[in-house]
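Asks: Structure below; questions to follow.
The values are calculated or read from the model by the stated rules, or taken from the named source; none is laboratory data. Quick caveat: nothing in here was measured; it's all calculated off a predicted structure. Note that each Cβ is placed from the backbone with ideal geometry, even for glycine, and that neighbours are counted across all protein chains shown.
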Amino acid sequence: MKHFKAHILVFCLFISLICFAQNPKVDQARANYIAQKLQLTEAESQKFWPLYNEYVDKLKQIRKERRKLFSQFQYSLNPADAEEFTKKYIQLENAESLIKQEYIQKFRQVIGVIKTAHFIKAEEEFRLELVKILKSD
């Protein structure tokens, strides 16, 4: 039972994080956090931020499709429904991974490998901070 409650808590945190992460204030805080960590030059900023906005928009679209997929699946006992759900889920996960790979390469061209690595770390740090905030409520 304790194990089950932990899974429910993690699931609730995940859903809250997804909803919270779609908030414009959170988007702005994330951008500010990244800007602070990357310390971009003016020239780098002019190239990075439009590219970053494209990246975020593409990820948001995939995540929107994933939320729709989860909301439509009703714990069906039909094997065909389960197969379709898992197939679409894997496709969305792969699409997200491909977007990340594509944009990491683009970021490397614009801000270099070091700042790209810093960007990846800053995004994860920001995500972990959101999780901490959610856990404290």
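Asks: Of the residues that make up region 95-113, is at least one in contact (Cβ under 8 Å) with a residue 60 or more places away in the chain and over 12 Å from the mean Cα position of the chain (by Cα)? Quick ask: steps written out before the conclusion?
Replies: Within region 95-113, the subset in contact (Cβ under 8 Å) with a residue 60 or more places away in the chain is 110-111.
Adding the requirement that they be over 12 Å from the mean Cα position of the chain (by Cα) leaves 110-111.
Checked region 95-113: at least one residue is in contact (Cβ under 8 Å) with a residue 60 or more places away in the chain and over 12 Å from the mean Cα position of the chain (by Cα).
Asks: On to the next question. Based on this model, can you work out whether L98 counts as in contact with a Phe, Trp or Tyr (Cβ under 8 Å, 6 or more places away or on another chain), surrounded by 12 or more Cβ atoms within 10 Å (Cβ to Cβ) and of a type outside the set (D, E, K, R)? Break it down stepwise before answering.
Replies: Numbers: in contact with a Phe, Trp or Tyr (Cβ under 8 Å, 6 or more places away or on another chain): no; surrounded by 12 or more Cβ atoms within 10 Å (Cβ to Cβ): yes; of a type outside the set (D, E, K, R): yes.
It is false that L98 is in contact with a Phe, Trp or Tyr (Cβ under 8 Å, 6 or more places away or on another chain), surrounded by 12 or more Cβ atoms within 10 Å (Cβ to Cβ) and of a type outside the set (D, E, K, R).
Asks: Looking at region 68-87, can you tell me whether even one residue there is in contact with a helix residue (DSSP H, G or I) (Cβ under 7 Å, 6 or more places away or on another chain) and either within 19 Å of V26 (Cβ to Cβ) or among the charged types (D, E, K, R) (or both)?
Replies: The answer is no; no qualifying residue exists.
Asks: From (1) of a type outside the set (S, T, Y); (2) modelled with pLDDT of 95 or more; (3) within 14 Å of the chain's Cα centre (by Cα), pick out the condition that doesn't hold for R127.
Replies: Just one mismatch for R127, condition (2).
Asks: Is it fair to say Y89 is more than 26 Å from A35 (Cα to Cα) and either of a type in the set (A, V, I, L, M, F, W, C) or in contact (Cβ under 8 Å) with a residue 12 or more places away in the chain (or both)? Before the answer, list the steps.
Replies: On the way: more than 26 Å from A35 (Cα to Cα): yes; either of a type in the set (A, V, I, L, M, F, W, C) or in contact (Cβ under 8 Å) with a residue 12 or more places away in the chain (or both): yes.
Yes: the conditions hold for Y89.
Asks: Residues I104, I90: which one is surrounded by 15 or more Cβ atoms within 10 Å (Cβ to Cβ), assigned to a helix (DSSP H, G or I) and either out of contact with any strand residue (DSSP E or B) (no Cβ under 7 Å at 6 or more places or on another chain) or not β-branched (V, I, T) (or both)?
Replies: Values: I90 fails: surrounded by 15 or more Cβ atoms within 10 Å (Cβ to Cβ).
After ruling out the rest, the residue left standing is I104.
Asks: What residue, among those in region 42-64 that are basic (K, R) and in contact (Cβ under 8 Å) with a residue 24 or more places away in the chain, is surrounded by the fewest Cβ atoms within 10 Å (Cβ to Cβ)?
Replies: Of the residues in region 42-64, the ones basic (K, R) are 47, 58, 60, 63-64.
Then keep just the ones that are in contact (Cβ under 8 Å) with a residue 24 or more places away in the chain; that gives 47, 58, 60, 63.
On the way: K47: 16, K58: 17, K60: 13, R63: 15.
Result: K60.
Asks: Out of curiosity, is K47 within 16 Å of the chain's Cα centre (by Cα) and modelled with pLDDT of 95 or more? I'd like the intermediate steps shown before the answer.
Replies: On the way: within 16 Å of the chain's Cα centre (by Cα): no; modelled with pLDDT of 95 or more: yes.
So K47 fails the test.
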